[in-house]
1. Round to a whole angstrom and tell me the spacing of the C-alpha centers of the range 158-188 and the range 196-260.
2. Which ³J(HN,Hα) values in Hz, rounded to whole numbers, follow from the phi angles of the range 60-71 under the Karplus curve 6.51 cos²θ - 1.76 cosθ + 1.60, where θ = phi - 60° and Gly and Pro get x?
3. Quick query: amide H of Lys218 versus all other amide H atoms, modeled in the peptide plane; which residues come in under 5 Å with a sequence gap of 5 or more or a different chain?
4. How far apart, in nanometres, would the label points at Ala322 and Glu263 be if each is projected 7 angstrom from Cα along the Cα-to-Cβ direction?
5. Nearest 5 percent is fine: what portion of the DSSP beta bridges confined to the chain is antiparallel?
6. Per DSSP helix of 4 or more residues, -39500 (n - 2.57); summed, then divided by the residues of the chain. What does that give at 222 nm, rounded to the nearest 500?
7. Over the range 208-347, with every protein chain in place, what whole percent of the accessible area is carbon and sulfur at 1.4 Å, could you tell me?
8. Under a GNM of the chain (C-alpha, springs under 10 Å), which listed residue has the highest mean-square fluctuation: Arg86, Arg234, Arg225?
Amino acid sequence: MLKSSSRRLAGLAVRTVLATAVMLSTTAHAGNTAAIPNDIPPGTTLAIGDPKTQRALELSGEIDKLPFKVKWANISGGPRTIEAFRANALDLGSVADIPPIHAVWTGLPVQIVAASFRKDAVNHPIYKLGIAPGAKIDTLADLRGKKIAYSPGQAQGALILRVLQKAGLTQKDVKLVEMPSTGDVYANALASKLVDAAPIAEAIQPRYLANYGPDGGKLISHELRDDPWYIYARQAVLDDPAKAAAVREYVKAWGRASRWIYEHPEEWAKGYYVQQQGLSPADSQFLIKSAGEPDLPPNWTDAIARQQQTIDLLAKETGKPAFKAEDLFDRRYETFAAQAVSNVARK
């Protein structure tokens, strides 16, 4: 009885600490209304982990026009970005929708300053479900009783929870196998039949089918939106007037770069996918077609609503406390990317 009571008290303590961390990390920056200065003082520097935009700015010739200094970091993905944020080694990061949520749950104050989506998002997904050879999965309902790769704290993990919800399944109906979603980890896990299904990113899909399709490996669509992509910052960066002004200009450049990629597919394929990423021309064309047209909304209301649905689902499925999605977005930056693209179009 005493042991049982101790366990309950310990669990309560953990939940209380976690809830307090969430409250502190969100309310500390909710509703930031301080005006962003017009001028950027000389010597202002941002450390940015956004390799894709860096390359787009290089190819478009925009990189030398940034009105502040940049320390580029070859960092992407939620775990590495959060680690760099905690070390104060990074000011801005480029990630999907889950890392900012995970940051809040670990007590790290961050806010989103730019948001990108895909037009016709369901037909231009970032991920498809990779199916292992012989797994006998043709529809989402067939996932019942199967082993599924799962990465908590990353977009792929949240996607799996949404897929289960869409299929009318719960975590109890499947076996979630925790593993990182880096590189070819998921593809290799499918090939070795360590898992039956895993979310496979666009860049890996052609290679997976080429390598394992002859043995019965395949991809199936999840028919959900998985397209959010954000630029987010440490709160301390946004509280610094000089850096906040530099962030505004980066958001504008990021918006122009996003549109440049779409409007210059051949230059992008050669300069990024082939020369920098080492992909074949055929794979490069596949990725360009798969991505479709970017959507940089000048109003984040719908994006915040979708982010709230994700927060609520993750909170329910993981036992973590829900919080207001609104507090994740610094709406002072809401219109800058779309305006920058519009200004270019008018010239």
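The values are calculated or read from the model by the stated rules, or taken from the named source; none is laboratory data. Everything quoted here is computed from the prediction, not taken from an experiment. Please note: Cβ atoms are built from the backbone with ideal geometry, for glycine as well, and neighbour counts cover all protein chains shown. We work out accessible area using only protein heavy atoms, side chains counted, and drop any ligands, DNA or RNA first. Shrake-Rupley method; radii C 1.70, N 1.55, O 1.52, S 1.80 Å.
1. The range 158-188 and the range 196-260 have Cα centres separated by 18 Å.
2. These are the phi-based 3J(HN,Hα) values: 7, x, 8, 5, 7, 8, 5, x, 7, 7, 10, 9 Hz.
3. Amide H neighbours of Lys218, under 5 Å, 5+ apart: Ile131.
4. So the label points at Ala322 and Glu263 sit 4.2 nm apart.
5. Once the DSSP bridges in the chain are tallied, antiparallel ones form about 60 percent.
6. Helix-only estimate at 222 nm: -13500 deg cm²/dmol.
7. Result for the range 208-347: 51 percent of the exposed heavy-atom area is carbon or sulfur.
8. Arg86
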